[in-house]
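First the structure, which I've put down as structure tokens, then a few questions once you've had a look.
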Amino acid sequence: MIKYLYTLLVGALVLNSSAFADASASNDDLEKELAYLAAERQVVVTASKMEEHVDKTVATTTVITQDDIAHIGARNLLDVLRLVPGIGITQSQLGIREIEVRGVKTLASEKVQVMLNGHPLDHNLQNAGSTWVYDDLPVDTIKRVEVVRGPGSALYGANAFLAVINIITQNAKDLNGLHTSAGWGSFDTQQYRASWGKQFKNSAEAALHFNFTDTNGIKSPISADSLSVQGLSSAAPGKSQLTEGRYDLEWQLGYQDFKLDGRFINKKTGTFFGVATVLSDGRTQQDYNDYFLRLSRTWKIQDKFTVDTQVFHDSYSADNIWQIAPTQFFRTGFQDTRTGGEIQANYHISDAQTVISGFSYAKEQQDNLIDQLGIDSEHLIPTLPTTEERIRRRWGVYIEDVWDPFKNVRMTLGARYDRYSDFGGTFNPRMGFNWEFIKNYSLKFSYGTAYRAPAFGELGLVNNPVVLGNPMLKPEEVKTFETGIIAHPVAGLTTQATYYHSAINQLISQVSGQTTAFRYDNNGSVVAEGVELETRYDFDGNLQGSYISANHILQHSVQLGQQLADVPRHRTNLIVNWAFDNTWSSFAHVLIKGNTLRNLGDTRNDVPGYALFDMGLLGKNMFGKKVDISFNVYNLFDKRYYDPAPTSLSFIGDYQMPGRAFFGHVSLRF
Amino acid sequence: MKIMDFCKVLILLSVFWVSAGFAQPSKVLIVNSDNTVFRYGTIASEFKKVLQQNAYQWTEFNLNSHADAEAELKQLIQQENPVLIYCIGTKAYSLARNVASNKKLLFSAAINWRRLDIGEGTYGVANELSSAQEISLLRYFFPTIKTIGLLYNDKFSREYVETIKKDASTLGINIINQPINDAQEIGDALNELLPKIDMFWIISDPVVLSSKASVQQIFQAAQQRQKPVYAYSDVFIEQGAVLAISADLATIGRQSASLALMVDKDKVSEGTVQNPAGSTVTLNKCALDALRLNFNQDALDSVNKIVECNK
């Protein structure tokens with residue numbers, strides 16, 4: 001009876017009976033099984049644990065995906081960034097646009113580190129910052145933009161001061177063929193792109209991107225300049241001359257564990273109105289060439305221990321002709337290079353703990369200076385140099401430990417020491433935790449410091465009648481702590497609230513000079529604090545692909561007891577993306593910006609706040625999933641609004657920004 | 001004039017909206033953790049055969065082929081609007097759960113499914129056989145066995161081991177379980193465990209079975225102490241396991257497809273996770289003889305494969 005019952009039991013279990021076999025599973029089968037177990041194991045111990053999920057990081061992070069970018073109908077990188085909480089975009093007199101982060105902004109945005117595929121782009125050593133060529137980076141080839149607000153020097157070193165923006169572009173696997181796109185819009189703007197990528201059977205892969213952009217610029221009315229207000233001959237009143245043409249070529253080549261990547265950019269542009277507060281008649285031209293080349297390899301020493309190595313060469317050159325009066329031209333130029341290498345060890349101590357540590361070295365050099373003056377741009381003669389040839393060497397060591405002592409707790413502890421040949425050393429720690437105290441509710445806290453290295457222009461500006469450099473400058477320093485809660489109260493809904501407090505010291509600013517009006521010095525401090533509120537709800541079911549999101553920031557940045565000028569106290573983004581079906585979706589965005597105050601002594605009224613309404617329509621994967629089409633309207637209600645002109649340019653008036661603008665875009669995949 | 005411009009824009013947008021309407025038929029989205037892994041690939045292949053027989057459409061998304069899988073999967077779900085997402089392996093399920101928590105999800109080949117974040121509208125076919133049935137069979141084969149030992153990693157197998165202990169207790173078998181944090185602890189753990197047990201049970205724990213060396217270490221230690229090894233898969237028979245009861249991969253694929261069809265027709269209750277329906281029992285008579293281990297001869301009727309010694 002017992003035998004019968006067990007036979008029944010086995011019968012129930014063994015439904016798929018096979019014939020008796022003489023041999024058992026082979027060794028090959030064991031390997032297959034171990035491969036399966038290894039794949040299952042990856043879910044907890046990922047190959048690169050440092051690629052943390054946004055919810056688990058201690059830093060305040062926003063990720064904008066390729067899909068988001070398509071919905072936004074972005075024309076360039078800054079169209080993407082302006083939707084990120086805590087970030088604002090404004091116009092500068094030179095033409096480049098300023099990235100305001102957490103209530104602090106400067107002309108060259110040198111306190112923000114922009115990276116392309118993890119490689120820093122602050123190649124302009126004379127003036128620092130990355131916006132000189134990257135502010136209008138085309139977005140067609142971007143896969144993802146990661147924005148980490150807060151100090152990042154403990155890992156990334158110099159200039160990761162207020163935020164780190166990492167742009168990830170499509171690789172061979174993403175492309176797998178030929179992609180082309182074209183866009184046309186207001187201001188005679190045209191963009192073209194061609195990308196090709198392929199993975200070969202011999203573990204080689206290649207991705208190439210080419211972009212071309214051309215525009216006549218926004219043609220903002222300029223009512224006066226420094227000549228016209230004195231009654232002298234001038235192009236004012238007139239219009240801004242922000243014409244631009246740029247070429248981008250990017251490559252990513254891989255073979256086995258080696259990778260060679262880089263990007264070349266040539267950008268020729270006019271100016272908003274100019275360097276000497278004089279409106280150009282169209283003959284000011286800025287000409288930039290920027291590239292980097294990086295060779296990297298990952299060495300797998302053990303399953304748990306890998307080493308990343310890289311050598312790189314960055315180059316940035318400027319050759320600019322500035323019109324500083326109707327018959328006076330000034331040509332400046334220089335070439336900056338940075339050559340160096342980095343080695344980083346990644347050790348997964350256990351499933352719950354990963355340590356990375358590394359060493360980097362770089363030599364930075366500035367030469368090929370050009371300084372010329374003349375009555376027209378074709379007849380210039382050499383004049384006294386306004387900056388110096390310079391060499392700087394720097395090295396840094398860093399270590400970071402990411403540890404999950406419990407399933408619901410992540411702790412991060414890291415520090416970096418950098419040593420510069422010109423101003424000495426700087427030490428920057430970072431620590432924080434992320435605690436999921438209730439399921440789907442996490443509390444974050446972090447503290448970190450960062451530094452911004454003095455630029456060559458700030459150290460060595462010479463023969464300038466207005467401002468002189470100071471070789472004794474120390475780096476700017478910031479100490480930031482932030483805390484926040486991230487929650488998923490119901491499926492599809494993400495909300496986040498963050499409070500931050502940053503104390504910036506040793507600001508490099510222009511102070512009164514003895515032989516000139518100004519000289520650079522470490523002078524002053526700023527305290528910036530604020531609250532960032534974000535929420536997003538992704539619909540499901542028939543509305544899959546639709547979402548609504550909003551972010552609102554309240555910020556208060558104070559210097560010498562006064563609210564910083566030219567930055568708003570609050571800013572709000574409201575976004576709705578509505579997917580009608582699998583193909584068509586519509587996007588709407590409202591940006592509400594508060595008033596911006598003036599400096600003490602600037603008698604102008606505050607720059608009024610405004611609300612802008614953008615709208616777009618996107619059709620994806622049409623005609624056999626090979627065609628995407630989008631059409632976007634910016635500033636749909638043609639609102640007249642202004643970005644603030646600084647107090648020093650108060651006689652010019654604020655910068656009028658564009659009215660209603662259109663942009664259409666077609667993308668083809670082969 | 002401005003209001004006229006605005007109206008023009010609205011008309012233009014309306015034209016686009018009206019032209020919208022190229023909805024595609026519903027289909028199943030198969031998300032595979034890694035289609036180069038034999039187990040995942042086999043299950044996927046069988047799953048698709050059943051779908052084809054039932055005139056269902058499907059789209060496949062292999063995580064190993066996409067660098068930014070999360071974003072691309074999200075986009076694909078939006079495009080395809082599948083009635084159900086079939087996730088093969090834990091990685092696929094975790095990702096799908098993240099990006100499409102409100103979609104109906106069906107999983108298989110996920111080790112210890114009880115550790116997964118299971119929500120409403122989730123169904124599955126377990127990777128492991130019913131431990132109660134396995135222990136019943138073990139007792140049927142080896143009536144004298146009273147104590148069974150196993151190694152496991154808490155993060156991957158805690159819930160499964162708890163189920164085993166509970167089922168074993170009901171059937172009068174004592175389970176001694178020894179947790180390890182990584183494979184380097186296997187030697188010490190076995191030294192401690194083997195003297196206390198009558199049989200060692202290899203469960204599908206990815207930390208314990210992290211390499212061939214770990215497998216060899218287990219079998220060498222068991223052989224030295226003359227302890228029989230029971231395994232969840234017949235791939236361990238050649239290493240020296242005396243008995244293996246393996247879940248059949250092809251059946252898991254077909255079973256998952258049948259479940260998917262029932263889910264689509266709302267014929268199955270939410271949260272259903274089925275045990276694998278098919279299995280193979282392999283007996284290593286050579287290893288049994290070497291250990292001079294008595295077993296119930298009547299149980300031979302239940303065996304699918306018998307491995308004799310090579311002569």
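The values are calculated or read from the model by the stated rules, or taken from the named source; none is laboratory data. What you see is a predicted model; the values in this text were computed from it and never measured. A quick note on method: Cβ atoms are made from the backbone with ideal geometry, for glycine too, and the neighbour counts reach across all protein chains shown.
Mind checking which strands (runs of 3 or more DSSP E) fall wholly inside region A:310-411 and carry at least 2 residues that are surrounded by fewer than 19 Cβ atoms within 10 Å (Cβ to Cβ) and of a type in the set (Asp, Glu)?
A:353-376, A:390-406
Here's a check for you: in region A:565-606, which residue that is in contact with a Ser or Thr (Cβ under 7 Å, 6 or more places away or on another chain), of a type in the set (Val, Ile, Thr) and surrounded by 18 or more Cβ atoms within 10 Å (Cβ to Cβ) is nearest to the other protein chains (Cβ to nearest Cβ)?
Among those residues, the one meeting the criterion is A:Ile575.
Might you check whether a residue that is modelled with pLDDT of 85 or more and within 7 Å of another protein chain (Cβ to nearest Cβ) occurs anywhere in region B:58-68?
No: region B:58-68 contains no residue that is modelled with pLDDT of 85 or more and within 7 Å of another protein chain (Cβ to nearest Cβ).
Whether any residue in region A:96-105 is within 29 Å of A:Arg390 (Cβ to Cβ), touching a residue at least 60 places away in the same chain (Cβ under 8 Å) and over 13 Å from the mean Cα position of the chain (by Cα) is what I want to check.
Yes; the residues of region A:96-105 include at least one that is within 29 Å of A:Arg390 (Cβ to Cβ), touching a residue at least 60 places away in the same chain (Cβ under 8 Å) and over 13 Å from the mean Cα position of the chain (by Cα).
Further question: Count, please, the residues in region B:88-132 that happen to be crowded, with 22+ Cβ neighbours inside 10 Å, facing chain A (nearest Cβ under 10 Å) and within 26 Å of B:Lys166 (Cβ to Cβ).
7
Within region A:412-433, which residues are surrounded by fewer than 18 Cβ atoms within 10 Å (Cβ to Cβ) and small (Gly, Ala, Ser)?
Result: A:Ser421, A:Gly424, A:Gly425.
Taking A:Tyr642 as the residue in question, decide whether it is under 25 Å from the mean Cα position of the chain (by Cα), away from chain B (no Cβ under 12 Å) and not small (Gly, Ala, Ser).
The answer is yes for A:Tyr642.
Then there's this: When you scan region A:82-96, how many residues do you find that are outside any loop (DSSP other than H, G, I, E, B) and either over 23 Å from A:Thr65 (Cβ atoms) or of a type in the set (Phe, Trp, Tyr) (or both)?
Here the count works out to 2.
Still on this structure: Quickly run through region B:66-75 and pick out the residues that are over 20 Å from A:His488 (Cβ atoms), out of contact with any His (no Cβ under 8 Å at 6 or more places or on another chain) and either buried (at least 22 other Cβ atoms within 10 Å of the Cβ) or without any contact (Cβ under 8 Å) to a residue 24 or more places away in the chain (or both).
Within region B:66-75, B:His66, B:Ala67, B:Asp68, B:Gln75 qualify.
Would you be able to tell me the number of residues in region A:493-515 that are under 27 Å from the mean Cα position of the chain (by Cα) and not in a strand (DSSP E or B)?
Residues flagged as under 27 Å from the mean Cα position of the chain (by Cα) and not in a strand (DSSP E or B) within region A:493-515 amount to 2.
While we're looking at this one, here's another question. Give region A:140-157 a look and list any residue that's within 12 Å of the chain's Cα centre (by Cα) and either over 25 Å from A:Thr483 (Cβ atoms) or acidic (Asp, Glu) (or both), or say none.
Passing the criteria: A:Ile142, A:Arg144, A:Glu146.
If we keep just the residues of region B:214-237 that are free of Cβ contacts under 8 Å to residues at least 24 places away in the same chain and surrounded by fewer than 24 Cβ atoms within 10 Å (Cβ to Cβ), which is farthest from the other protein chains (Cβ to nearest Cβ)?
For region B:214-237, the residue satisfying everything is B:Gln224.
When region A:65-81 is examined, which residues are found to be surrounded by fewer than 23 Cβ atoms within 10 Å (Cβ to Cβ), outside any helix (DSSP H, G or I) and at pLDDT 90 or above?
Scanning region A:65-81 gives a single hit, A:Asn76.
Consider region A:395-418. How many of its residues are without any contact (Cβ under 8 Å) to a residue 60 or more places away in the chain and closer than 28 Å to A:Asn124 by Cβ?
3
Now for a different question. Any idea which of A:Asp614, A:Asp566, A:Asp628 is under 27 Å from the mean Cα position of the chain (by Cα), touching a residue at least 12 places away in the same chain (Cβ under 8 Å) and at positive phi?
Being under 27 Å from the mean Cα position of the chain (by Cα), touching a residue at least 12 places away in the same chain (Cβ under 8 Å) and at positive phi holds for just one of A:Asp614, A:Asp566, A:Asp628, which is A:Asp566.
I've got another one for you. For B:Arg139, state whether it is farther than 22 Å from B:Ser258 by Cα, within 11 Å of another protein chain (Cβ to nearest Cβ) and touching a Gly at 6+ places or on another chain (Cβ under 8 Å).
Answer is yes for this residue.
Do we have B:Ser210 as more than 23 Å from B:Ala168 (Cα to Cα), polar (S, T, N, Q) and more than 14 Å from chain A (Cβ to nearest Cβ) here?
When the stated conditions are applied, B:Ser210 does not pass them.
Identify the single condition in (1) at pLDDT 90 or above; (2) within 9 Å of chain A (Cβ to nearest Cβ); (3) under 23 Å from B:Leu116 (Cα atoms) that B:Gln274 does not satisfy, given that it satisfies every other one.
The single condition B:Gln274 does not satisfy is (2).
Where residues in region A:607-648 are of a type in the set (A, V, I, L, M, F, W, C) and in contact with a helix residue (DSSP H, G or I) (Cβ under 8 Å, 6 or more places away or on another chain), which of them is surrounded by the fewest Cβ atoms within 10 Å (Cβ to Cβ)?
A:Phe637
Another one. May I ask you to say which residue of A:Leu9, A:Leu34 is modelled with pLDDT of 85 or more, touching a helix residue (DSSP H, G or I) at 6+ places or on another chain (Cβ under 8 Å), assigned to a helix (DSSP H, G or I) and at the interface with chain B (Cβ under 10 Å from one of its Cβ atoms)?
Going through A:Leu9, A:Leu34 in turn, the sole match is A:Leu34.
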